[in-house]
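Working notes for the structure below.
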Amino acid sequence: MAGSISADDSTAAKHLLESDKDIREHEFVVSEILRLLKPLTNELSAAPRREVHRLRTVLHLRTPIQGKLREASHVLELVGRLHPTPAVGGVPTARCHRLHRRARAGRTRLVHGPGGWFDAQGTAGSWWHCAPV
């Protein structure tokens with residue numbers, strides 16, 4: 001998910017789906033996820049169309065991505081490979097991480113991070129990203 005708008009307006013979904021800025025940002029995220037997961041998969045594809053994911057107060061652009069891993073991997077290996085996505089970390093990744101570290105110097109507050117659960121075999125349950133606190 002990437003590209004967000006307040007859900008207050010009844011036309012928000014339409015605006016989000018037509019927003020060049022949000023679509024470009026969303027495509028960065030989808031492309032980067034596909035790039036990072038491709039070496040681990042035999043099959044990998046993104047849905048052909050973006051959709052709107054509605055939460056209580058915000059709408060996000062979402063493109064479902066499906067794949068089949070070449071080898072069994074623990075869910076934390078996949079999370080570590082993907083986080084932070086360009087939605088929160090920026091592109092190009094390495095340069096943006098350096099800039100974020102400099103900007104956060106001296107601050108200890110959680111800015112963003114993955115959350116969820118997995119069982120003893122490493123099978124993932126629900127996963128989400130934490131919002132700023």
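The values are calculated or read from the model by the stated rules, or taken from the named source; none is laboratory data. Treat the numbers as computed from the prediction; the structure is a model and nothing was measured. Heads up, the Cβs are rebuilt from the backbone with ideal geometry, glycines too, and the neighbour counts pull from every protein chain shown. Surface areas here come from the heavy atoms of the whole protein model, side chains and all, with no ligands, DNA or RNA. Shrake-Rupley method; radii C 1.70, N 1.55, O 1.52, S 1.80 Å.
Put simply, the amide H of V58, placed in the peptide plane, has neighbours under 5 Å in A7, leaving out anything fewer than 5 places away on its chain. Here the range 1-75 is described by how far its Cα atoms reach on the three principal axes: 45, 24, 16 Å, from widest to narrowest. Counted by Cβ distance under 13 Å from E43, the other residues give a net charge of +3, where Lys and Arg count +1 and Asp and Glu count -1. Subtracting the Cα-Cα distance of A120 and A72 from their residue separation scaled by 0.36 nm leaves 15.9 nm.
With the whole protein complex present, H15 retains an accessible surface near 100 Å², based on a 1.4 Å probe.
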